[in-house]
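Comments concern the structure below.
Each reported figure results from applying straightforward, stated rules to the coordinates on display, with no laboratory input. Only a predicted model underlies this, so the values are computations on that prediction, with no experimental measurement involved. All Cβ positions, glycine included, derive from the backbone under ideal geometry; neighbour counts span all protein chains shown.
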Amino acid sequence: MKTALATPSDDDLLRTRDDLSAFFHEAIQLDPARHLVGPELEKFGVTADGKPLGYEIGVARVLDTLVAGYGWEPEYEKPGGPRIALKRRAASVTLEPGGQLELSGAAVADVHAIADEAEEHMREIEPASRELGVRWLGVGFHPFAALSDFSWVPKARYTVMRQYLQTRGSHGLDMMHRTCTVQGNYDFTSERDAMRKVRLGMKLAPLVAATFANSPWLEGKEHGGVSLRAKVWLDVDPDRTGLVPAIWHENAGFDAYIDWALDAPMFLFKRNYEVIANTGQTFRSFMQSGFEGHAATRGDWVLHLNTLFPEVRLKRTIEIRSADSQGRELGNALPAMYAGLYYDAAALEAAEALTESWTYAEVEALRQVVWREGLRAEFKGRKLASHAEAILDIARGGLARRARKNAAGRDETIYLEALCALVARGQTPADALLEKTRGEADLRAAIIRETAI
């Protein structure tokens, strides 16, 4: 008689390496037709004077209106604690450390559904935003605020991160408070498929950072580059960020990523709603020796994976993390680009062929300069803009072959049209913003006008 396998639980103790790799193997989705796209869209709320929206008198009131009027359910870090997120079916609204509002949309079949959900979200928060006098900005780094202008979202994890990251790099607090991103999450059919997609994403990370560069201001002034967010990520914590060199070998599998994650320092783990900080201990050490009488569990492993910040993150999906947040016109371009590259076999092969000769050293060197030079950066003997055009052309082909159409009969390539037009001119979104706002008598008002979602 065949015994049914028990469903894994977060409380299961980790005993072997297989317990770690099982988390990834369980996520394999064999049927490409069932592969989904999961978006994460962040934005800054600002008042008319450009100040960031506070917690209790700002973003918490926005959350309350979503609960009261639109069927969202509040989530609390512990019973009786402050609300830190909302859930509705498979979607969530969460708060980043500085009060940035993030819509983690439901994983859906196509980018049309992402666009529809994003529009619905903006309609739902509009009444509270109008009442508070708040505009929401799609930009990668807060264009006005100093660190001292922010209040903290009351989440224990953020307190631990705040203390620890200041010991690891000079921009940890900037990352937490003053950056916003748009991300995409994608499925995989096998271990090999997952690692192919992770490696391609790593190779494209600086190109994506440049193509979506959208943060040219620091505290109300131009800082001399196009993506301050990309610069910040160069100096946060070298052990949990970057391009993960171990996975670049074409035969590298889940084990290569697992080894990297095992040797990364932890932030914390949780027991019965209590946050236990164990900053600096590697997960390998935690799994071998425990911490203050606590043994490592599957839930601890999942939490640890979520506190690692490489340019491409492997979880139960593949998460693309290199892009600045965007305004409404380009907000769906990143999810669309990778749907085209990852979910069409010919496109994936073409992108791999185009990037086959790109080495870790070359891509890491490019990563150091794109925050400043954007698509003007030189790479492999020509401007990065030409490589971006080639990649976008491949992505468009993949989307056209997917042939997922909206009610008007248009496929997902519509979400790349504006971005392709920018790249054809050799421009990033930041370049276009600077053109529109330079010389304005009221620069703050102009920035809000041009970046508002």
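A few remarks follow.
- Footprinting exposure proxy for F44, F309 (fewest neighbouring C-beta atoms within 10 Å first): F309, F44
- Here the chain is treated with +1 on each Lys and Arg Cβ and -1 on each Asp and Glu Cβ, and its dipole about the Cα centre works out to around 200 debye.
- Calculated P(r) tail over 27 Å for region 101-225, as whole % of Cα pairs: 37 percent
- Exposure here means at most 11 other Cβ atoms within 10 Å; with GluC sites (Glu not before Pro) in a DSSP loop as sites, the longest stretch of the chain lacking them is 27-249.
- Stretch gain in nm, segment K405-T189, where the contour uses 0.36 nm per residue and the Cα spacing is subtracted: 75.4 nm
- Karplus-based coupling profile of region 145-153, in residue order and whole Hz: 7, 8, 4, 5, 7, 9, 9, 8, 6, with θ = phi - 60° in 6.51 cos²θ - 1.76 cosθ + 1.60 and x standing for Gly or Pro.
- Spherically averaged projected area of the convex hull of Cα atoms, the chain: 22.8 nm².
- Computed over region 249-307, the ratio Rg/Rh where both radii use C-alpha atoms and Rh is Kirkwood: 1.02
- Three-way shape call for region 39-168 based on the alpha-carbon gyration tensor, with the a/c threshold at 1.5: rounded
- Residue (of I247, A421, A118) at the positive-pole extreme of the chain, dipole from beta-carbon charges: A421
- Stokes-Einstein diffusion coefficient of region 1-65, Kirkwood radius over Cα pairs, 25 °C, 0.890 mPa s, in µm²/s: 141 µm²/s
- If the chain linking A424 and E349 were pulled fully straight, counting 0.36 nm for each residue of separation and taking away their Cα-Cα distance, it would gain 24.7 nm.
- FRET efficiency, D149 to A68 (Cβ-Cβ, R0 30 Å, nearest 0.05): 0.55
- P(r) tail, region 182-340: Cα-Cα pairs separated by more than 21 Å, 53% of all pairs.
- For region 402-453 versus region 144-183, the gap between their alpha-carbon centres in whole angstrom: 28 Å
- Exposure proxy shown here: for M122, M337, the number of other Cβ atoms within 10 Å sets the order, fewest to most, as M122, M337.
- Within the chain, helix-based [θ] at 222 nm, where runs of 4 or more DSSP H residues each add -39,500 (n - 2.57), nearest 500: -12500 deg cm²/dmol
- HN-Hα J in Hz across region 177-190 - Karplus 6.51, -1.76, 1.60, θ = phi - 60°, x for Gly and Pro: 9, 10, 10, 9, 9, 10, 10, x, 10, 9, 8, 9, 8, 6
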